[in-house]
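The block underneath contains the structure these notes are about, expressed in structure tokens.
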Amino acid sequence: MSSIIENRQITVGVTGSIAAYKIVDVVSKLVQQGAVVDVAMTSAAVNFISPLTFQSLTGREPYVDMWGVHGVKGEAHIELARRTELMLIAPATASTMASLAHGFADDFVTLTALATKAPLLISPAMDSQMWDHDATQANLKLLRERGAHFIGPEQGRLASGQIGTGRLSESQKIIATMKACLGKLEGDFSGKTVIVTAGGTREAIDPVRYIGNRSSGKMGNALAEAARDRGADVVLITTVPETAPEAIQVIPVESANEMESSISDYVTKAEVLVMAAAVADYRVNMESEQKIKREHMKSFSLDLIANKDIIASIDANLIKVAFAAETEDLITNAKKKLRDKNVDLVIANSVTGEASAFGSDTNKITIVDNQGNAEELPVLSKYICAMEILDRISNLVGADSYKEEGSSSN
Ligand SMILES: Cc1cc2nc3c(=O)[nH]c(=O)nc-3n(C[C@H](O)[C@H](O)[C@H](O)COP(=O)(O)O)c2cc1C
């Protein structure tokens, strides 16, 4: 499966910030993922990084001198602006933000930004005092109102040695936001809200101990990432928020009860719910407020009570996808789960043996639909598994305004 970035015409505008060297990494990664990248630079940017660096990485001559001859029939900036599908300006200086906000077009970056209809992503980098300045904040507001998207700046150590807001966002975050933007342009989930749950819930025994399971959250993360790349507004409800992909909404939870309550906050606004989390069936009846001491106990029992079956209890009109992590009779159990839980698809995966899904970057899934079909896929990366699952969901979503007609296929 190709990346959403592949073959996309992307223009990266580089301006005169000390962080300019970091954008070399972004350009390199975009090229590695198959994007056609043109770089435009301000004359200030050339003081920080050589156009030759970008030429070597992209195999294309960077646009630096707007009075230069660029070997195109018409005007170079118009030609560039027309074929650009997404324009990233990173790092964006305070000065360039001011130019963009007020429609100046006196260098190749601002000229192209003014001439293009492509979405504009701006990743500022500057000293925190420049960022906090009323002028910069007013320009930020103007640009946002006009539909520009912003990534960062982040808090952290600045070139001055001070700690503050002004750091350029990490490459990974910039690229993730670009993918989300491209997905929204034409992805089949654009305009749809997809809730994904990930990780294993933790049921507290006392303030330091819990009952957990071996789920890593990787399958849920892959689903969230793939849905984001296909344009969805993703809400990832997860017990492992520290591993969540970039550019999606993350709701951290611990227990099954917390997960259920977060799902109910979003479920009425969503078109799809994918429960990839491993939710505990039981919780401790009386969680101890204090750490339970070892004392002289020879044995120790916990009184467990059943948690609500989250997916079965949701009666909102949306597509529901459950996961079945089984150690035996995979398909029989998956089919039973499909009926019992009243869901549209069950993704069966084995959690024992070589192809075990737990903790791995790959998975071997069987997709069971409510017609009783069971489609077994080979071992694939979890991202590709996620894309396959989304293909099946997309068919269901596309089955003529699912929500309006209330035609749940259960
Ligand atoms: C060493 C040095 C580092 C600079 N770093 C930044 C920066 O990180 N962010 C910023 O907004 N301006 C920074 N500036 C100021 C800009 O380079 C200056 O405003 C320039 O005119 C910006 O031009 P441009 O926006 O057309 O690239 C820096 C200037 C110098 C001399």
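The values are calculated or read from the model by the stated rules, or taken from the named source; none is laboratory data. Small disclaimer: the values here were computed from a predicted structure and weren't measured. Reconstructed Cβ throughout: ideal geometry from the backbone, glycine too, with neighbour counts over all protein chains shown.
So which of Thr201, Thr136 ends up being at pLDDT 95 or above and either of a type in the set (Asp, Glu) or within 16 Å of the ligand (Cβ to nearest atom) (or both)?
Thr136
What number of residues in the range 153-173 are closer than 25 Å to Pro245 by Cβ, free of Cβ contacts under 8 Å to residues at least 40 places away in the same chain and within 12 Å of the ligand (Cβ to nearest atom)?
1
List, please: which pairs have Cβ atoms under 8 Å, are six or more places apart or on different chains, and start with a residue in the range 105-133 that is assigned by TED's automatic domain parsing to the domain that holds Pro153 and end with one that is more than 8 Å from the ligand (Cβ to nearest atom) and acidic (Asp, Glu)?
So the pair list comes out as Phe108/Asp65; Ala118/Glu85.
I'd like the full set of residues that are within 11 Å of the ligand (Cβ to nearest atom) and either touching a strand residue (DSSP E or B) at 6+ places or on another chain (Cβ under 6 Å) or not β-branched (Val, Ile, Thr) (or both), limited to the range 108-126.
Selection gives Phe108, Val109, Pro124, Ala125, Met126.
Of the conditions (1) exposed (fewer than 15 other Cβ atoms within 10 Å of the Cβ); (2) over 30 Å from the mean Cα position of the chain (by Cα); (3) within 16 Å of the ligand (Cβ to nearest atom), Ile78 satisfies every one except a single condition; which number is it?
(3)
How about the range 170-212: which of its residues are surrounded by fewer than 21 Cβ atoms within 10 Å (Cβ to Cβ) and either in contact with a Cys (Cβ under 9 Å, 6 or more places away or on another chain) or closer than 30 Å to Leu158 by Cα (or both)?
Glu170, Ser171, Gln172, Lys173, Ala176
Show the residue pairs that are 6+ apart or on different chains and have beta-carbon atoms under 7 Å apart, the first residue being within the range 287-314 and assigned by TED's automatic domain parsing to the domain that holds Val274, the second being surrounded by 10 or more Cβ atoms within 10 Å (Cβ to Cβ) and basic (Lys, Arg).
Final answer for the pair search is Leu304/Arg283; Ile305/Arg283; Asn307/Arg283; Asp309/Lys341; Ile311/Lys320; Ile311/Lys341; Ala312/Lys341; Ile314/Lys320.
Name the one entry in Ser56, Ser99, Ser50 that is polar (S, T, N, Q), within 12 Å of the ligand (Cβ to nearest atom) and in the same structural domain as Gly166 (by TED's automatic domain parsing).
Ser99
Of the residues that make up the range 237-254, is at least one charged (D, E, K, R), without any contact (Cβ under 8 Å) to a residue 12 or more places away in the chain and not in a strand (DSSP E or B)?
Yes, some residue in the range 237-254 is charged (D, E, K, R), without any contact (Cβ under 8 Å) to a residue 12 or more places away in the chain and not in a strand (DSSP E or B).
Working only within the range 358-395, note down all residues that are assigned to a helix (DSSP H, G or I) and under 13 Å from Val346 (Cβ atoms).
Ile389, Arg392, Ile393
Let's see how each residue does on (1) farther than 18 Å from Ile319 by Cβ; (2) assigned by TED's automatic domain parsing to the domain that holds Met275; (3) modelled with pLDDT under 85:
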{"site": "Asn342", "(1), (2), (3)": "no, yes, no"}
{"site": "Gly353", "(1), (2), (3)": "yes, yes, yes"}
{"site": "Thr366", "(1), (2), (3)": "yes, yes, no"}
{"site": "Asp369", "(1), (2), (3)": "no, yes, no"}
{"site": "Gly372", "(1), (2), (3)": "no, yes, yes"}
{"site": "Pro378", "(1), (2), (3)": "yes, yes, no"}
{"site": "Tyr383", "(1), (2), (3)": "yes, yes, no"}
{"site": "Ala386", "(1), (2), (3)": "no, yes, no"}
{"site": "Asn395", "(1), (2), (3)": "no, yes, no"}
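Please find, among Ala176, Ala159, Ala148, the residue that is closer than 30 Å to Ala256 by Cβ and in the same structural domain as Val37 (by TED's automatic domain parsing).
Being closer than 30 Å to Ala256 by Cβ and in the same structural domain as Val37 (by TED's automatic domain parsing) holds for just one of Ala176, Ala159, Ala148, which is Ala176.
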